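The values are calculated or read from the model by the stated rules, or taken from the named source; none is laboratory data. Here the structure is a predicted model, which means the values were calculated and not measured. In this analysis, Cβ positions are derived from the backbone assuming ideal geometry, glycine residues included, and neighbour counts consider all displayed protein chains.
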Ligand SMILES: Nc1ncnc2c1ncn2[C@@H]1O[C@H](COP(=O)(O)OP(=O)(O)O)[C@@H](O)[C@H]1O
Ligand SMILES: [Mg+2]
């Protein structure tokens, strides 16, 4: 189980301290599939980066299966079973897709093994395996390679940050199927930050985050209508409190 | 007879195990002397009579043969200067593996200055691999100053792969390629790593005289600690031609890197381009690799390893 207890995160800026996450408490049972959704700037990526240890928590606790992660650095958290597919994955000059998959897996991979990970994200493996993860790849390609590395890593907690971004509809169908299968395996806790109805519908539970707080949580049928109505309005009613509207 | 140190250096700079491969043109020079020589089927090596060095003659049409000409300097304080000339016959397609390793356990400066000149006849293709490497426990400097000059006739192609990964204190490299013939092409991959107080200067002139001649220069370097690197990549287009230069450097610690490119178009159909980027390792790259379980040091190593591959 992943437990977040009274998590607060803030950033230092010119005008002083800005609170990004305000007192987040949350429990996710092992093997569950949670989707985190909500407006831009709401704090979803910050939440993911804080669980991974990239952003420091100002206060609060993060516990995974009884292990207190709060004071562990990124590397130690990765070894404790946390993995995170970045919203904007970096590129690496000279590093091959195969190298990155092997770093993620922590061991040498047979060709068919690395290819399987690429196939699961809708990439034709033979075209990509020997390519550099550099500026020659499109945004959608880099995103999918990023997801493949998380699959290769095989951690017990996988967090994906807007995996759908920049991906064409054909590949997207393949990707949602991969998430569905991963969930069906039952041994991975999945957190996906997403706005896509097809992903939201796969979730056991949906969490709505806005203004750095959990605004609502529940099954897809409860949360989806709220997102859809907000989209139509084109202005986020949920954020009125924060004065952004 | 080669000593163990010399054998180790050969393995590093020329992938040679204990002995040189059979039926292959090989010339091993150690401390200024000919240590070993063999002739290839279509490639002959002869000592020069007027000055130190060798002439390498590659018959027209030679396909798939290799030439190894490694140099080892293992006597501390030895200063070596050599002229090697390569005559590559029409339509030949060969790989030339050169390289210099210095092992300096003493306190005197060891130095090798090699001047390599290549004459590529029509449609000849050459891959020239040059590895530079220094080691040793002494305080004496390891200095390498290679000069590489190539003349390409019509349709000739050269791929130059130079790498200097560590151990060389001072290097001044000069490369000149004249694409004289139509459709000739020069591809240069340069890799350089400096550390400590090392300095490296790489100067390059590519002159595109032939119609539709082409060049691509890809330079990757890493400067660590207090080392200093300077690059002068210059391309001149005197005909309808194409040239692209890209220089990429990572700096770490107190290192300094300067890149002073020059592209000159002297013909309306000359198209030349230059890109240069110098900067430290992106923080997000380190973070990404840490989330995959690597430590800071391991992440840095992986990033540099890929970058200099
Ligand atoms: N390192 C940071 N420094 C300052 N502000 C930040 C930092 N990271 C995020 N923020 C701010 O925090 C808010 C939440 O950002 P983010 O977590 O990326 O939102 P989301 O992923 O929900 O779109 C935004 O207003 C963003 O500008
Ligand atoms: Mg985000």
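Values as computed for the structure displayed
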| quantity | calculated |
| --- | --- |
| Test result for residue A:70, modelled with pLDDT of 95 or more and more than 10 Å from chain B (Cβ to nearest Cβ) | yes |
| Residue identified as farther than 22 Å from residue A:182 by Cα and either modelled with pLDDT of 95 or more or within 16 Å of ligand 2 (Cβ to nearest atom) (or both) among A:81, A:42, A:31 | A:42 |
| Count of residues meeting criterion [surrounded by 11 or more Cβ atoms within 10 Å (Cβ to Cβ) and either out of contact with any helix residue (DSSP H, G or I) (no Cβ under 7 Å at 6 or more places or on another chain) or outside any strand (DSSP E or B) (or both)] in the stretch A:1-17 | 9 |
| Which listed residue is in contact with a strand residue (DSSP E or B) (Cβ under 7 Å, 6 or more places away or on another chain), within 16 Å of ligand 2 (Cβ to nearest atom) and at pLDDT 95 or above, from A:54, A:62, A:24 | A:24 |
| Unmet criterion (only one of (1) crowded, with 19+ Cβ neighbours inside 10 Å; (2) outside any loop (DSSP other than H, G, I, E, B)) for residue B:119 | (1) |
| Selection within the stretch A:76-93 - facing another protein chain (nearest Cβ under 10 Å), farther than 24 Å from residue A:167 by Cα and in contact (Cβ under 8 Å) with a residue 40 or more places away in the chain | A:78, A:82 |
| Which listed residue, of B:28, B:5, B:58, is closer than 22 Å to residue B:164 by Cβ, surrounded by 14 or more Cβ atoms within 10 Å (Cβ to Cβ) and at pLDDT 80 or above | B:28 |
| Within the stretch B:263-309, tally of residues that are assigned to a loop (DSSP other than H, G, I, E, B), within 29 Å of residue B:131 (Cα to Cα) and within 12 Å of chain A (Cβ to nearest Cβ) | 4 |
| Total residues in the stretch B:122-150, condition touching a strand residue (DSSP E or B) at 6+ places or on another chain (Cβ under 7 Å) and outside any strand (DSSP E or B) | 6 |
| One residue from B:69, B:97, B:56 being under 28 Å from residue B:171 (Cβ atoms) and in contact with a helix residue (DSSP H, G or I) (Cβ under 7 Å, 6 or more places away or on another chain) | B:97 |
| Strands (runs of 3 or more DSSP E) completely within the stretch A:161-245 that count 2 or more residues being at pLDDT below 95 and surrounded by fewer than 20 Cβ atoms within 10 Å (Cβ to Cβ) | A:213-218 |
| Matching residues, the stretch A:198-228, being under 17 Å from the mean Cα position of the chain (by Cα) and within 15 Å of ligand 1 (Cβ to nearest atom) | A:206, A:207, A:208, A:209, A:210, A:212, A:214 |
| Filter result for residue B:77 (at positive phi and in contact (Cβ under 8 Å) with a residue 40 or more places away in the chain) | yes |
| Pairs where the first residue, in the stretch A:32-45, is within 14 Å of chain B (Cβ to nearest Cβ) and under 15 Å from residue A:7 (Cβ atoms) and the second is in a loop (DSSP other than H, G, I, E, B) and near ligand 2 (Cβ under 10 Å from one of its atoms), C-beta under 8 Å, 6+ apart | A:45/A:87 |
| Among (1) more than 14 Å from every other protein chain (Cβ to nearest Cβ); (2) within 26 Å of residue A:102 (Cβ to Cβ); (3) buried (at least 23 other Cβ atoms within 10 Å of the Cβ); (4) within 16 Å of ligand 1 (Cβ to nearest atom) - the single one residue A:144 does not satisfy | (4) |
| Subset of the stretch A:104-139 [touching a residue at least 40 places away in the same chain (Cβ under 8 Å) and within 12 Å of another protein chain (Cβ to nearest Cβ)] | A:104, A:105, A:106, A:132, A:133, A:134, A:135 |
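For (1) within 16 Å of ligand 1 (Cβ to nearest atom); (2) crowded, with 18+ Cβ neighbours inside 10 Å; (3) within 17 Å of residue A:192 (Cα to Cα), each residue gets a yes or a no:
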{"residue": "A:40", "(1), (2), (3)": "yes, no, yes"}
{"residue": "A:44", "(1), (2), (3)": "yes, yes, yes"}
{"residue": "A:78", "(1), (2), (3)": "no, yes, no"}
{"residue": "A:84", "(1), (2), (3)": "yes, yes, yes"}
{"residue": "A:89", "(1), (2), (3)": "yes, yes, yes"}
{"residue": "A:92", "(1), (2), (3)": "no, yes, no"}
{"residue": "A:95", "(1), (2), (3)": "no, yes, no"}
{"residue": "A:107", "(1), (2), (3)": "no, no, no"}
